[in-house]
Amino acid sequence: MEYMTSRLVPRDEDRIWEPCAGDGDLVDGVLAVSPNATIRLSELDENAVHGLVSKYRETNIDIHHEDALEVGSNPLFDQGISFSRIVANPPYGAYQTPQRRRRLQAQFPKLYVRDTYGVILFHCLDLLDAGGRLVFIIPDTFLWLNRHEFLRRRIFKTTTIEELALFPSKFFPNVNFGYSGLCIISLTNSAPANDHEFQLLNNFQSVEALVSCVESCSDWKCNVSMFTQLEIASRKKCDLHIVNHAIALCDRATESLGDHAEIRTGFYSGNDVRWVRRKDGTVPRSKKFSNVDFNKVAVSNPTLDGISGEQHFIPIMRGGAFPYHKPTHWYVDWSREAVTEYRRKGKNPARFQNSSYYFRDGIGVPMVASTRLTGALLEKRLFDQGIVGVFPASPRLLYYILGFLNSSIATRLIRQINPTANNSANYMKRLPFVIPTAGELAFIDPLVERAIIQSCKGIQLDGRLTKQINSFYDSVWLDLTNAAEQTDEPEPE
């Protein structure tokens, strides 16, 4: 709280708003510095409001039992309301009823309203005086997740960011939520100068290291980096990816995987228990499913219209990490009747999406992340929505991209783009890509082929082969001047 107060710089003449007052911890910090400031506390929880009323008897503190998102919306009582300072620790992932969600979506049509903190931050910017200061603590994922792009554009293009401090959520008391990292953003409500730079603090080893940044000194116990704000604002996604050890890519890594492959999400039956069959009872997480009758498995290539006759079940790749080759554990009903149901118009949970990519050669990548990124050959199988299909623009890139998606550098890169457990198509498209030379293809293709053969046999990949493949992609993707810091793998032989 001391750190946030130091960035807020409260004064006695300020009109200060805490939109999510809670127990008043942030208010205590403000009062210690500016006890005569006019402070408005908003709190939705009735019990918390009673606690605030008992705690604060000062006449300059105005406590309201209200929804912060409705402050400023009442033309009778709130007309022209604004604040010179706003400080908040908004709720993370608070449940919203469908009715409230629809109302927020109508009020903030371009925002991702399921994350309450983003909506509150955006609303606070609307109520902040010109030149006013705002300090917020929010999950750090707002800096890079696609769904927060509109929020980022508002911040990076219309306000002047002074500082971002990134630290583990365990530093913050009484926070229990599904984010590993938090961010304290400090900004002023003024357009950024063309050359304005803000500082980013990260790699704190303790809470004390964060608190030490209250002091004006150069001996802070953290990493300090400078970023030009308008350069970030000009990026395609207006995103900022921060990792403890940035990956230094070589000059050849100027394109993206999406420039050289079509990347698509897959099929959903609408009711997998009804339409999908498992190979047998050994398939993990398949308790609710029936076994397939192998006498009903198709022996000919399916079409998008479905299959007539008894042999109408076809292989489908579903989620789960397997490198290079994934055995067929699942089958889906592809009879003409079933396909008609999948494609039925109107209210239908099934998703017959990206169907031009069904039954093609490509690579399947599990949507939900495991400890590392993996990809397996689709081998003309259908793939479901738990799989991201990667279809190289040129057949000669198939093994090259397959090897890359199973390499350690690909895992590090996708985690840099999106540290959360989601390898969605939009994030996969943004993976940096290096166009291979003929010599590089001649080197890596036989190694990837060996890995495929070993995977098909169901044996663990040879450790030396894995090192060779990882080392190859490191040598192609990375800036070799920093290679010693990037990997401990040996050079390919």
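Only one of ILE86, ILE39, ILE16 is under 20 Å from HIS123 (Cβ atoms), hydrophobic (A, V, I, L, M, F, W, C) and without any contact (Cβ under 8 Å) to a residue 60 or more places away in the chain; which?
Only one candidate passes the filter, namely ILE39.
What about ALA253, is it in contact with a Leu (Cβ under 9 Å, 6 or more places away or on another chain), in contact (Cβ under 8 Å) with a residue 12 or more places away in the chain and more than 25 Å from GLN353 (Cα to Cα)? Answer is yes for this residue.
Need a quick list: strands (runs of 3 or more DSSP E) entirely within the stretch 254-369 having at least 1 residues that are more than 30 Å from TRP477 (Cα to Cα).
276-278, 313-317, 330-333
Close contacts from the stretch 343-355, counting a first residue that is within 15 Å of VAL332 (Cα to Cα) and assigned by TED's automatic domain parsing to the domain that holds VAL273 and a second that is among the charged types (D, E, K, R) and outside any loop (DSSP other than H, G, I, E, B), with Cβ to Cβ under 9 Å and a gap of 6+ residues or different chains, come to ALA350/GLU341. Report, by residue number, each residue of the stretch 338-377 that is among the aliphatic types (A, V, I, L, M) and out of contact with any helix residue (DSSP H, G or I) (no Cβ under 9 Å at 6 or more places or on another chain). VAL339, VAL368, listed by residue number.
Condition check ((1) modelled with pLDDT under 90; (2) over 27 Å from PHE150 (Cα atoms); (3) buried (at least 20 other Cβ atoms within 10 Å of the Cβ)) across all residues:
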{"site": "PRO168", "(1), (2), (3)": "yes, no, no"}
{"site": "ASN174", "(1), (2), (3)": "yes, yes, no"}
{"site": "ASN202", "(1), (2), (3)": "yes, no, no"}
{"site": "GLU208", "(1), (2), (3)": "yes, yes, no"}
{"site": "VAL211", "(1), (2), (3)": "yes, yes, no"}
{"site": "ASN223", "(1), (2), (3)": "yes, yes, no"}
{"site": "GLN229", "(1), (2), (3)": "no, no, yes"}
{"site": "ASP239", "(1), (2), (3)": "yes, no, no"}
{"site": "ASP259", "(1), (2), (3)": "no, no, no"}
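Scanning the stretch 92-138 for residues that are loosely packed, with under 14 Cβ neighbours inside 10 Å and acidic (Asp, Glu) returns a single hit, ASP126.
In the stretch 296-323, the residues that are of a type in the set (Phe, Trp, Tyr) reach residues that are part of a loop (DSSP other than H, G, I, E, B) with C-beta atoms within less than 9 angstrom, at least six apart or across chains, in these pairs: PHE313/VAL292; PHE313/ASP293; PHE313/ALA298; PHE313/TRP334; PHE322/THR374; PHE322/GLY375. Of the residues making up the stretch 401-425, those that are surrounded by fewer than 23 Cβ atoms within 10 Å (Cβ to Cβ), over 18 Å from THR254 (Cβ atoms) and either of a type in the set (Gly, Ala, Ser) or at pLDDT below 85 (or both) are SER408, ARG415, ASN418, PRO419, THR420, ALA421, ASN422, SER424, ALA425. Could you tell me whether ASP129 is at pLDDT 95 or above, assigned by TED's automatic domain parsing to the domain that holds LYS170 and among the acidic types (Asp, Glu)? It is true that ASP129 is at pLDDT 95 or above, assigned by TED's automatic domain parsing to the domain that holds LYS170 and among the acidic types (Asp, Glu).
Please determine whether any residue of the stretch 357-375 is small (Gly, Ala, Ser), within 18 Å of ASN301 (Cα to Cα) and modelled with pLDDT of 95 or more. Checking the stretch 357-375: at least one residue is small (Gly, Ala, Ser), within 18 Å of ASN301 (Cα to Cα) and modelled with pLDDT of 95 or more. Residues in the stretch 427-446 that are in a helix (DSSP H, G or I) and surrounded by 18 or more Cβ atoms within 10 Å (Cβ to Cβ) were compared, and the one that is modelled with the lowest pLDDT is TYR427.
Only one entry in LEU182, LEU151 is assigned to a helix (DSSP H, G or I), touching a residue at least 40 places away in the same chain (Cβ under 8 Å), under 19 Å from the mean Cα position of the chain (by Cα) and buried (at least 20 other Cβ atoms within 10 Å of the Cβ), namely LEU151. In the set (1) over 23 Å from the mean Cα position of the chain (by Cα); (2) more than 29 Å from PRO10 (Cα to Cα), ALA130 fails one condition alone, (2).
Residues in the stretch 365-388: is at least one surrounded by fewer than 22 Cβ atoms within 10 Å (Cβ to Cβ), hydrophobic (A, V, I, L, M, F, W, C) and free of Cβ contacts under 8 Å to residues at least 60 places away in the same chain? Yes: the stretch 365-388 contains one or more residues that are surrounded by fewer than 22 Cβ atoms within 10 Å (Cβ to Cβ), hydrophobic (A, V, I, L, M, F, W, C) and free of Cβ contacts under 8 Å to residues at least 60 places away in the same chain.
The values are calculated or read from the model by the stated rules, or taken from the named source; none is laboratory data. Since the structure is predicted, the reported quantities are computational estimates derived from the model, not experimental observations. Heads up, the Cβs are rebuilt from the backbone with ideal geometry, glycines too, and the neighbour counts pull from every protein chain shown.
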